[in-house]
Structure formats: C-alpha cells, structure tokens
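Here is the structure we will look at.
The values are calculated or read from the model by the stated rules, or taken from the named source; none is laboratory data. Model, not experiment: these values are computed from the prediction. Cβ placement follows ideal geometry from the backbone for every residue including glycine, while neighbour counts extend to all protein chains displayed. These accessible areas exclude ligands, DNA and RNA; they are computed on the full protein's heavy atoms, side chains included. Shrake-Rupley method; radii C 1.70, N 1.55, O 1.52, S 1.80 Å.
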Amino acid sequence: MRALEVTWSSPLPPTRSGVADYADELLPHLARLCRVTVIEPPDGRPEVSWREEVSWQAAEAPPRGLELLHLGNNPYHLWVAARLRRLGGVVVLHDAVLHHLLVEEAASTGNWQRFAEELAAVAGKAGEALAWARRWGFTGPLDPFLFPARPAYLRYAHAVLVHNRAAEKAVKTELPGLPVRQVPLAVAALPGEGGAFREKLGLKDGEILAVHLGFLTPAKGLGVILRALVIVQELGLPVRLVVVGEGAEQEELAATVRQLGLASQVVLFGYASRKQLGDILAAADVGLVPRFPTAGETSAAVLRFLACGKPVVVCGYQQFLEFPPEVALRIRPGGEGAVELARWLAYLARNPQVLAEKKRLAYRAWQDGGHAPEVAAARLLAAVEDMAATLEREDRRKRGESRVV
C-alpha cells in the first residue's frame, strides 16, 4: 500500500445516481492501493461491501491527505459543493455542465444574490439577467448548456480530474492556470443470465433486443428511439425494446408507446436492481444512447453496454465522438437521427455475423479504455499522485517567492 492518503466526497449507495454507482465500484479497488477516508453523505454511512476497508469522517471534518470532491449536475452533490466552497480540493468533474447544481444550491440556500454574481462573473450581463429570470421561474431548455457555470465551482479547486477530452479542453480554456488530468471512468462489467430474460420476453432466435438505460428525461432521446422503432416495425424487422430507468417522463412515455402502437414491442421496465440490470444487459443485442443535448459527461450507460459486450448507438457529437466508431454507432443529433437509428437496427437485424463481431469489439473497447474498476482505480491514483507532487512544488515555489519579497 502506498503512503498517499485520499479523502473521498461523493454520493454513495443507496442513492440512485451514476456517481454513486461509480464510487461503489471503484472505491474498494482504490482502498487496496492507498489509504482512503470517505466523508459520510447526509443520509449516513451506507451498508456497502467495502465499508470496513476505508476510514469514515463526518462532513464537517477536514480532509486527510488530498481530497477528491466528485461533482455532478444534480442535487445529490449539494453537500459536496458546500464542502468544496469551504475547504477546496481536487474536483473530479463528472458533468462538464454545472448549471443545474448552481440553481439547486441557490434554491436550497435562498442565496440568489450569489447565484446572480457567479453567473455574471462567468457570462457578464447576460449571465446576471438569466440568473434573475431563473429566480422567478423563467427559464429555457438550452439555458444550462449556454451557461454551463463551471468556473463558479472550479475557482475553488486546486486541480481537476475529468473523464474525456472535451471536458479537459473546456476546463483548460476557461481556467488556463488550473491543473487538469484525464482519467478513465470506472464502469464494471455486470454478470447476468441473458437466456432466461430473453425467454421471459418471448424473444425468438434472430430477434434483436435493444435496451435504453438511464433516468428518463427529454434529453435522453426516447422520442428518437420510438420513431425509429415505428420505422423498423413498418419494415417488418424483429426488433424489441426494453427501457430501464425511472423519472417524471414514465407516464408520458407509456402513453406515447400506446399511441404509436408499440405496446407489443416495448417493455418499460422501470428501475432495475444490479442483478436485474446484469440479466437485461446479458440479454441485449444493442444499446441505445442517443442523448442530445448533453452535460458533457462521459456516458456510463455507453460504457456499461460496452463492458457487457454490446455495441451502442450514440449521437455523433462532442464527447461521444471519443468512443470507437466501430462499436459506438453514430447518428445525427436531434429528430433527424430517427431514420439513421432505424437503419442501424435494420442493418444489425439483417447481418447477425456483423452484430456478433461488434459485440466482440465492444468488450475489447471497454477493456482497452481502462474502464475496468481495478484499472481505473490505479490510473486515478497515478493522476492524483502526479497532481499532489505538482501542487506541492507550486506551494514551495510560492513560499520561496514570499520569503524573497
């Protein structure tokens, strides 16, 4: 075990968050490589398998060693943002858009003045005007993407870790003096029994099972998926869809499925346990992640499909272009992508040998990308050690300059 000590602040299970899943999968491997102290989330110390492998501290406690603060664009990260403002540290940036987090923070604290000042510091008068409009409930669907608000939080950071090149470029452009490193996003390959799940659905040999994962929001592209499925149905191709996830869109989605006459082709599964998700992924032939627009995150859903040996259809823009194109099959963003998605589904349904080869390449892409949790933990630690050395050198330089002055 190395001498470095790390303090970890992030959502943890049972919070239904991608960052909580990431922490649950990566932390036991990191704890075998260095000393780890985990800050207890507001809902208390979780019952996780690695509970005894780490030390624990309350949210008020100062960090031991170098602190890693995991930021995502949702209310689960409010307490992490508060700790960052108070203590600083190394930010692990899971979403390159932090607008929603900033809004949630203003709403929960009532500090709309700070919200306006921070957006004004980032985007001038336009940011200030948007902030006060948001205060009184006026907002547009593209506001978060036009005003991502990264510097509002990252100005407190000593350094930043990101999971894709697009996020690295964005941070370096806005905060050129801030150290930034890219590390792989840890996503585990889930075990599962696919045969039983396919049998439960009544799938026949040669029938394609497409799967969508994630919290149900308009940006996830479910409208594009359903329009593509209508086209595929009209072509008479054997394609079924399972939608895994929950959210405010569930009832509306169910109504749309009925209106389009897709009730026999679509299963709205809802929330899936880890065991259920493993079975669904094992049964799947192709994943569907046509997300548009995006908060700049590396898609854990894409990596979950690749880890289980499944190719995935994505929107061909921004960070999604960083996935290998032979297994991350690209369509145009927005509504026009429905026809291209239908073409991909038709192509895979008609060419089983091509589909089999893409499944083999998908697993290799996950493996080669360093996304296995044990590999990602080692690369995270190497980046943290490098950053710690850089920060220490910079601190010594500043102390030396201070003595000269």
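Could you work out how far apart the two model spin labels at residue 155 and residue 254 are, taking each label as a point 7 Å from the Cα in the direction of the beta carbon, and quote it in nm?
So the two model labels end up 4.7 nm from each other.
Springs between alpha-carbon pairs under 10 angstrom, Gaussian network model over the chain: which of 231, 39, 208 fluctuates most?
231
Which one of 206, 369, 302 has its Cα pushed farthest toward the positive end of the charge dipole of the range 194-369, where Lys and Arg give +1 and Asp and Glu give -1 at the Cβ?
Ranked along the dipole, the leading option is 206.
Divide by every residue of the chain the summed helix terms, -39500 (n - 2.57) for each DSSP H run of at least 4, and state the resulting mean residue ellipticity at 222 nm, rounded to the nearest 500 deg cm²/dmol.
On the way: 15 runs with 190 residues, N = 405.
Value at 222 nm, helices only: -15000 deg cm²/dmol.
In square angstrom, what is the accessible area per residue of the range 1-122 with a 1.4 angstrom probe? Don't jump to the answer; show the numbers that get you there.
Values: 4730 Å² over 122 residues.
On a per-residue basis, the range 1-122 sits at 39 Å².
Compute, for the range 345-396, the length of the dipole vector about the Cα centre, with Cβ point charges of +1 (Lys, Arg) and -1 (Asp, Glu) only. Units Debye, rounded to 20. Before the final figure, lay out each step's value.
Numbers: 8 positive and 8 negative charges, 125 e Å.
Magnitude of the dipole: close to 600 debye.
Straight-line reach from residue 398: which lysines have Cα under 24 Å away, leaving out those fewer than 8 places along the same chain?
Partners found: 172.
Just to be sure I understand: with springs between alpha-carbon atoms less than 10 Å apart, which residue in 255, 388, 300 has the highest mean-square fluctuation in the Gaussian network model of the chain?
255
Take the alpha-carbon centre of the range 267-342, take the same for the range 126-202, and report the distance between them in whole Å.
So the separation of the two Cα centres works out to 17 Å.
Enumerate by residue number the GluC sites (Glu not before Pro) in the range 28-104 meeting two conditions: DSSP loop (anything except H, G, I, E, B), and at most 14 other Cβ atoms within 10 Å of the site's Cβ.
On the way: sites: 47, 52, 53, 60, 67, 104; in loops: 47, 60.
Here the GluC sites (Glu not before Pro) that fit, given the DSSP loop and packing criteria, are 47, 60.
Starting from the Cα-Cα distance between residue 274 and residue 246, subtract it from 0.36 nm times their residue separation and give me the gain in nm to one decimal. Don't jump to the answer; show the numbers that get you there.
On the way: separation 28, 0.36 × 28 = 10.08 nm, distance 1.46 nm.
Extending this stretch completely gives an extra 8.6 nm.
If the cut-off is 16 Å between C-alpha atoms, which aspartates and glutamates fall inside it for residue 125, apart from same-chain ones fewer than 8 positions away?
Result set, ordered by chain and number: 117, 143.
Out of 226, 235, 341, any idea which swings most in a Gaussian network model of the chain, alpha carbons joined below 10 Å?
235
What chymotrypsin sites (Phe, Trp or Tyr not before Pro) in the range 108-137 are in a loop by DSSP, with at most 11 other Cβ atoms within 10 Å of the Cβ? Don't skip to the end; give the middle numbers.
Values: sites: 112, 115, 132, 136; in loops: 136.
Passing both the DSSP loop test and the Cβ count: 136.
Once the mean 1/r over all distinct Cα pairs of the range 248-405 is inverted, what Kirkwood radius in angstroms do you read off? Don't skip to the end; give the middle numbers.
On the way: mean 1/r = 0.0535 Å⁻¹.
So the Kirkwood estimate lands at 18.7 Å.
Counting heavy atoms of the protein chains only and a 1.4 Å probe, report the per residue accessible area for the range 194-369 as a whole number of Å². All intermediate terms of the calculation are to be shown ahead of the outcome.
Numbers: 7600 Å² over 176 residues.
With all protein chains present, the range 194-369 gives 43 Å² per residue.
Residue 275: which lysines have alpha carbons under 25 Å from its alpha carbon, excluding same-chain residues fewer than 8 sequence positions away?
The qualifying lysines are 200, 204, 220, 310, 358, 359.
Full extension from residue 111 to residue 138: what is 0.36 nm times the residue separation minus their Cα-Cα distance, to one decimal in nm? Intermediate results must be reported in sequence, preceding the final value.
Details: separation 27, 0.36 × 27 = 9.72 nm, distance 1.73 nm.
Contour length minus the Cα-Cα distance gives 8.0 nm.
If you count only protein heavy atoms and use a 1.4 Å probe, how large is the accessible surface of residue 35, to the nearest 10 Å²?
100 Å²
Would you mind calculating the gained length between residue 363 and residue 55 on full extension (0.36 nm times residue separation, minus the Cα-Cα distance), in nm to one decimal?
Working: separation 308, 0.36 × 308 = 110.88 nm, distance 3.41 nm.
Full-extension gain reported as 107.5 nm.
Roughly to the nearest percent, how much of the accessible area of the chain is carbon and sulfur, given a 1.4 Å probe?
Details: 9650 of 18090 Å².
Looking at the chain in its full context, I get 53 percent from C and S.
Counting Lys and Arg as +1 and Asp and Glu as -1, each charge on the Cβ, what is the dipole of the chain about the Cα centre in debye, to the nearest 20? Spell out each step's value before the answer.
Details: 47 positive and 45 negative charges, 140 e Å.
For the chain, the charge dipole is close to 680 debye.
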